[in-house]
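*Asks:* Mind looking over this structure? Questions follow.
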Amino acid sequence: MAQHQVNYLKDGGLPVALTTIDKVVNWGRSNSIWALTYGLACCGIEMMASGASRYDFDRFGTIFRASPRQAELMVVAGTLTKKHAEFIRRLYDQMTEPKWVISMGSCANTGGMFNTYATVQGVDRVIPVDLYLPGCAPRPETLQYAVMMLQQKIRKEPASRAQKPKRLM
Amino acid sequence: MRAYTPKDDVQKKSYYTDRFWVAPQVAKSEVSDDAVFAADLEAIKAKFDVLDAYIQVEQMVVVINANDNYAVLELLKNDREYTQLSEMSAIDWLAQEGKFEIFYQILSMAKRKRIRIKCKIDEKEAIQSVEKLFRSADWSEREMYDMFGVVVNNHPFMKRILMPEDWEGFPLRKTYPLQGDEFAAWYEVDRIFGKEAREIIGPENRDPARIDRYDTKRFSRLGHEVPFGADISQGEPDTPLVYQEQEGVFMIDKFDAEKSVVISDRHR
């Protein structure tokens, strides 16, 4: 008897995969992170290099979009000036939920070397940040690792429920 | 004996200062040394007051009255072939003399000569625009207004060019603090969230060397990452770098070195 036990949770040779809705949705979300191009300074060059053929972001499903309506990840790559702060907030608000933010490089994290009147001392004063990426500028491998960390984070989040909206304040 | 100056704050400065440093002056020579410049200066002197004139680094420097700035540049452009304004701006001498120095750097491609026209104005005084003569003065004068607060009369579009239009203060004045005043410190918070959000967001951290070993909101240690805001005063666990969850990811095969194949013929 026991020799012919069927494990119904395995596919049993049938083209069927059993899983949870959460995993399917998160699988889709984490492997199609469309990023808003947000190159503000020299980090933007590294971000572009990450998207180009040598480092090839497309294999992670990360495709750069020029519109916030089509994007769910904002890679803030570079120095955010105080004049620009309100526009980054407006573009963040225009992105559809769920959305994530990677703060790339020292300038975006803390203002970096620009300890001056004209620079926002860290983008987290304006928008909520999920991942801080150190470096000046971080190499493309670092940004790739950050995206992989973000994928892990997305997979941990419950997808079936409405996402808890992130609020800075 | 050298006059005493207080040196108490030297230790507090984060950068090196040489307290015995004397600003070097480039040697000046007479305008009559150069025939081309001498003729130009004569043309100016025939119509306008010249307060000072000399040659420095092969350029003639002419100090004039601020009221004559447009007329002198018009003369130099139309009659003396100085057809380009390569640079113009102001210098803040408010602390020393209570005046701004305005300079116009002009170039003659035909003569291969450069002249610098200088004039001084008071803090509240306005200067005549030279935008009608040189189009390049358009943005330069706006920048001068933006950075120093020097008002330019008859300018076609007298607005700030670099800073936001609702900015307060003039950043390149010597009295403006490098890290900004109260207005600058809260600018983006006031602009986006409103003044009532100041308490929630908190002041800027302007100390680049600030490190708090147990702060898990602003710091993390590679290989020892913990959740945001966790208490690590009792030590934190090791978290080795991983690219994927240990149990694997749904519908994605984990790379296995045992099952991988090394391709010997790369042209197969």
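Read-outs throughout are calculated quantities, based only on the coordinates presented, and are distinct from any laboratory measurement. The shown structure was predicted, so the numbers you read here are calculated from the model rather than taken from an experiment. FYI the Cβ positions are ideal-geometry reconstructions off the backbone, even for glycines, and counts take in every protein chain you see.
*Asks:* Could you check what % of the DSSP bridge pairs in the protein assembly as shown are antiparallel, to the nearest 5?
*Replies:* 60 percent
*Asks:* Report, ordered by chain and residue number, the aspartates and glutamates lying within cross-link reach of A:LYS156, taken as a straight Cα distance under 12 Å and ignoring same-chain residues fewer than 8 apart.
*Replies:* Partners found: A:ASP22, B:GLU245.
*Asks:* Right, another one. Test of the criteria: in region B:126-221, which chymotrypsin sites (Phe, Trp or Tyr not before Pro) are in a DSSP loop and have at most 14 other Cβ atoms within 10 angstrom of their Cβ?
*Replies:* Values: sites: B:PHE134, B:TRP139, B:TYR145, B:PHE148, B:PHE157, B:TRP167, B:PHE183, B:TRP186, B:TYR187, B:PHE193, B:TYR214, B:PHE219; in loops: B:PHE134, B:PHE157, B:TRP167, B:TRP186, B:PHE193, B:TYR214, B:PHE219.
For chymotrypsin sites (Phe, Trp or Tyr not before Pro) across region B:126-221 that sit outside H, G, I, E and B with at most 14 neighbouring Cβ atoms in 10 Å, the list reads B:PHE157, B:TYR214, B:PHE219.
*Asks:* Hey, what angle do you get for helix B:35-47 against the long axis of chain B, alpha-carbon based, 0 to 90 degrees rounded to 10?
*Replies:* 70 degrees
*Asks:* Is any residue of region B:17-47 close enough, with backbone N under 18 Å, to a label point placed 7 angstrom from the Cα of B:GLU58 along the Cα-Cβ axis, and if so, which?
*Replies:* B:26-38
*Asks:* Rounded to the nearest 0.05, what FRET efficiency do B:LYS254 and B:ALA71 give with R0 = 56 Å and r taken as the Cβ-Cβ distance? Could you check? Write out the running numbers ahead of the final one.
*Replies:* Numbers: r = 80 Å, r/R0 = 1.42.
For B:LYS254 and B:ALA71, the calculated efficiency is 0.10.
*Asks:* Listed highest first by mean packing, meaning other Cβ atoms within 10 Å per residue, what order do A:141-153, B:54-66 come in?
*Replies:* Numbers: A:141-153: 18.5, B:54-66: 16.9.
Ranking the peptides A:141-153, B:54-66 by packing returns A:141-153, B:54-66.
*Asks:* Here is a further query. Taking a 25 Å limit on the Cα-Cα distance, which of the listed pairs B:LYS47/B:LYS111; B:LYS77/B:LYS99; B:LYS132/B:LYS174; B:LYS77/B:LYS118 fall beyond it?
*Replies:* B:LYS77/B:LYS99; B:LYS132/B:LYS174
*Asks:* Residues of B:186-193, mean number of Cβ from any other protein chain within 10 Å of their own Cβ, rounded to a whole number? Show your work: numbers first, answer last.
*Replies:* Details: counts 1, 7, 15, 6, 0, 6, 11, 5.
What the average comes to for B:186-193 is 6.
*Asks:* What does the helix-only formula give at 222 nm for chain B: each DSSP H stretch with n ≥ 4 adding -39500 (n - 2.57), the total divided by the residues, and the result rounded to the nearest 500 deg cm²/dmol?
*Replies:* Numbers: 7 runs with 53 residues, N = 268.
Computed mean residue ellipticity for chain B: -5000 deg cm²/dmol.
*Asks:* To make sure I understand, if each residue's beta carbon is the centre and we count other beta carbons within 10 Å, what order do A:THR110, A:THR96, B:THR5 fall in, fewest to most?
*Replies:* Exposure proxy ranking, most exposed first: B:THR5, A:THR96, A:THR110.
*Asks:* Does anything in region B:118-132 have its amide N under 17 Å from the 7 Å Cα→Cβ label point of B:VAL151, and if so which residues?
*Replies:* Residues B:121-130 qualify, since their backbone N sits under 17 Å from the label point.
*Asks:* What FRET efficiency comes out for B:ARG213 versus B:VAL242 if R0 is 30 angstrom and r is the Cβ-Cβ distance? Round to the nearest 0.05.
*Replies:* The calculated FRET efficiency here is 0.75.
*Asks:* Return B:LEU73, B:LEU162 ranked ascending by Cβ neighbour count within 10 Å, so the fewest neighbours appear first. Walk me through the numbers before you get to the answer.
*Replies:* Values: B:LEU73 24, B:LEU162 15.
Fewest to most other Cβ atoms nearby, the residues stand as B:LEU162, B:LEU73.
*Asks:* Identify all aspartates and glutamates with a Cα-Cα distance to A:LYS82 below 17 Å; exclude those on the same chain that are fewer than 8 residues away in sequence.
*Replies:* A:ASP124, B:ASP146, B:GLU165, B:ASP166, B:GLU168, B:ASP181, B:GLU182, B:GLU188, B:ASP190, B:GLU204
*Asks:* Quick check: net charge around B:SER32, other residues with Cβ under 13 Å of its Cβ, Lys/Arg +1 and Asp/Glu -1?
*Replies:* Taking every Cβ under 13 Å from that of B:SER32, the sum is -3.
*Asks:* Let me ask something additional. Summarise the partner chain shielding of B:246-252 as one whole number: the mean count of Cβ atoms from other chains within 10 Å of each residue's Cβ.
*Replies:* That works out to 4 on average.
*Asks:* Next question. Arrange the following residues from fewest to most other Cβ atoms within 10 Å of their Cβ: B:LEU241, B:LEU172.
*Replies:* B:LEU241, B:LEU172
*Asks:* Starting from the Kirkwood radius over alpha-carbon pairs of the protein assembly as shown, derive D by Stokes-Einstein at 20 °C in a medium of 1.002 mPa s and give it in µm² s⁻¹.
*Replies:* 78 µm²/s
*Asks:* Taking R0 as 30 Å, what's the FRET efficiency between B:ALA46 and B:THR175 from their Cβ-Cβ distance, rounded to 0.05? Please report the intermediate quantities before stating the final value.
*Replies:* Details: r = 40 Å, r/R0 = 1.34.
Rounded to the nearest 0.05, the efficiency is 0.15.
*Asks:* Do any trypsin sites (Lys or Arg not before Pro) in region B:152-214 lie in a DSSP loop with no more than 11 other beta carbon atoms within 10 Å, and if so, which? Working shown, then result.
*Replies:* On the way: sites: B:LYS159, B:ARG160, B:ARG173, B:LYS174, B:ARG191, B:LYS195, B:ARG198, B:ARG206, B:ARG210, B:ARG213; in loops: B:LYS159, B:ARG160, B:ARG173, B:LYS174, B:ARG206, B:ARG210, B:ARG213.
Those satisfying the criteria are B:LYS159, B:LYS174, B:ARG210, B:ARG213.
*Asks:* Would you kindly calculate the translational diffusion coefficient of region A:30-156, applying Stokes-Einstein with the Kirkwood radius from alpha carbon pairs, for 37 °C and a viscosity of 0.692 mPa s, and quote it in µm² s⁻¹ without decimals?
*Replies:* The diffusion coefficient I find is 231 µm²/s.
*Asks:* HN-Hα J couplings of region B:172-186 from phi, Karplus 6.51/-1.76/1.60, θ = phi - 60°, integer Hz, Gly and Pro as x?
*Replies:* Result, ordered by residue: 8, 5, 5, 7, 7, x, 4, 8, x, 8, 4, 4, 5, 4, 10 Hz.
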